[in-house]
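K.L.:
Can you keep this structure in mind? I'll have questions shortly.
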């Protein structure tokens with residue numbers, strides 16, 4: 001038992017709705033839907049009161065309004081949510097020896113070793129209190145021997161609760177639950193498993209692993225392990241330095257601002273596609289230029305979490321405008337996205353219509369098939385692509 005881990009999963013309850021309720025207490029207890037306001041918009045988040053009517057995230061706003069006519073519909077404010085997300089991370093950072101920011105509203109903490117000094121359950125409850133005290137946001141947690149079980153436990157503890165599943169009770173906890181509760185089971189996998197007569201985690205855990213591998217490939221093996229409470233994935237220490245970037249050194253030093261802007265667009269498009277493919281979001285953009293005399297300058301800006309080109313291009317261009325003030329020859333241009341977290345572009349559905357989201361999906365499908373440079377904005381073609 002010496003190598004057994006203690007992993008906490010923290011999840012902010014109906015995060016966007018909770019932040020809106022801090023701004024306007026009259027929203028308490030009411031069905032609230034957050035997303036694009038037009039009929040073409042999509043639900044980004046909704047309160048528990050709205051969920052009772054069948055509303056859920058990623059649903060077309062028109063359908064959500066039909067299901068819940070009394071709902072208060074709010075256009076989301078990603079800037080505000082990003083600030084609150086960072087406030088929560090600040091509290092976690094002060095308390096936790098090792099933590100991973102898994103998404104805008106989720107953290108994993110590795111408390112292994114702490115049990116010798118404090119009870120980990122008591123410690124987790126105290127951290128929950130600290131988050132509520134510092135941010136006013138309701139939060140739930142699950143505590144168990146690995147990421148999978150602690151995340152499922154959080155789901156069972158919601159709203160505003162905490163659940164501890166000690167190692168000897170893991171199977172008793174998991175087995176009666178629906179296979180939908182396993183984090184990686186989406187609609188497609190769920191339908192596939194149901195067609196095999198599998199609806200509970202216990203049944204899934206008893207299916208021969210070879211059969212699952214045959215039906216679902218490598219994911220089948222991972223799924224079987226999760227159903228048996230096995231998950232060795234480490235808590236990856238969260239670092240603001242986690243980033244992706246690209247830079248280009250010119251064959252000839254240049255002052256061609258138009259070409260620079262075109263290259264910037266092309267670079268941002270490539271990096272944003274990489275973010276979406278990895279299902280990540282960024283909240284910090286850095287632009288770097290190196291002059292012909294090797295002076296190097298960088299400028300960065302914190303932004304609302306996003307993976308959409310049109311937001312990121314605007315920020316990158318703004319930074320470039322501020323940086324390039326000396327009108328000297330430029331030798332190198334670079335862009336970097338940092339403060340990365342897992343998430344999907346649904347977080348940006350407050351202002352973006354489904355058509356725009358569909359356009360991104362279509363463009364990404366073409367890139368996946370024919371290469372990342374197969375399609376892009378005309379503005380990015382002013383500079384020769386390699």
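K.L.:
Among residues belonging to the stretch 259-285 that are under 19 Å from residue 78 (Cβ atoms) and outside any helix (DSSP H, G or I), point out the one that is farthest from the chain's Cα centre (by Cα).
P.N.:
285
K.L.:
Here's another thing I want to ask about it. Taking the stretch 111-149 only, how many residues are in a loop (DSSP other than H, G, I, E, B) and in contact with a helix residue (DSSP H, G or I) (Cβ under 7 Å, 6 or more places away or on another chain)? Can you show your working first?
P.N.:
Just the residues of the stretch 111-149 that are in a loop (DSSP other than H, G, I, E, B), to begin with: 111-113, 117-119, 136-138, 145-146.
With in contact with a helix residue (DSSP H, G or I) (Cβ under 7 Å, 6 or more places away or on another chain) added as a condition, the list becomes 111, 136-138, 145.
Within the stretch 111-149, residues that are in a loop (DSSP other than H, G, I, E, B) and in contact with a helix residue (DSSP H, G or I) (Cβ under 7 Å, 6 or more places away or on another chain) number 5.
K.L.:
State which residue is farthest from residue 175 (Cα to Cα) when the search covers only the stretch 199-220 and only residues that are touching a helix residue (DSSP H, G or I) at 6+ places or on another chain (Cβ under 6 Å) and modelled with pLDDT under 95. Give the steps one after another, and end with the answer.
P.N.:
Step one: of the stretch 199-220, the residues touching a helix residue (DSSP H, G or I) at 6+ places or on another chain (Cβ under 6 Å) are 201, 204-205, 209, 212-213, 220.
Of the ones still in play, those that are also modelled with pLDDT under 95 are 209, 212-213, 220.
Numbers: 209: 17, 212: 17, 213: 20, 220: 17 Å.
Looking at residues that are touching a helix residue (DSSP H, G or I) at 6+ places or on another chain (Cβ under 6 Å) and modelled with pLDDT under 95, I get 213.
K.L.:
What residue, among those in the stretch 261-298 that are farther than 28 Å from residue 81 by Cβ and in contact with a helix residue (DSSP H, G or I) (Cβ under 7 Å, 6 or more places away or on another chain), is surrounded by the fewest Cβ atoms within 10 Å (Cβ to Cβ)?
P.N.:
In this case the residue turns out to be 297.
K.L.:
For the stretch 1-48, how many residues are surrounded by fewer than 21 Cβ atoms within 10 Å (Cβ to Cβ) and more than 24 Å from residue 343 (Cβ to Cβ)?
P.N.:
Of the residues in the stretch 1-48, 12 are surrounded by fewer than 21 Cβ atoms within 10 Å (Cβ to Cβ) and more than 24 Å from residue 343 (Cβ to Cβ).
K.L.:
Scan the stretch 113-147 residue by residue and report those that are crowded, with 16+ Cβ neighbours inside 10 Å, touching a residue at least 60 places away in the same chain (Cβ under 8 Å) and farther than 26 Å from residue 81 by Cα.
P.N.:
Passing the criteria: 114, 120, 144, 145, 146.
K.L.:
Here is a further query. Can you find even one residue in the stretch 222-244 that is assigned to a strand (DSSP E or B), in contact (Cβ under 8 Å) with a residue 24 or more places away in the chain and surrounded by fewer than 16 Cβ atoms within 10 Å (Cβ to Cβ)?
P.N.:
Within the stretch 222-244, one or more residues are assigned to a strand (DSSP E or B), in contact (Cβ under 8 Å) with a residue 24 or more places away in the chain and surrounded by fewer than 16 Cβ atoms within 10 Å (Cβ to Cβ).
K.L.:
Moving on. Any chance the stretch 17-37 includes a residue that's outside any strand (DSSP E or B) and modelled with pLDDT under 90?
P.N.:
The answer is yes; a qualifying residue exists.
The values are calculated or read from the model by the stated rules, or taken from the named source; none is laboratory data. Just so it is clear, the model here is predicted, and its values are computed rather than measured. Cβ sites come from the backbone with ideal geometry, for glycine too, and all protein chains shown count toward neighbours.
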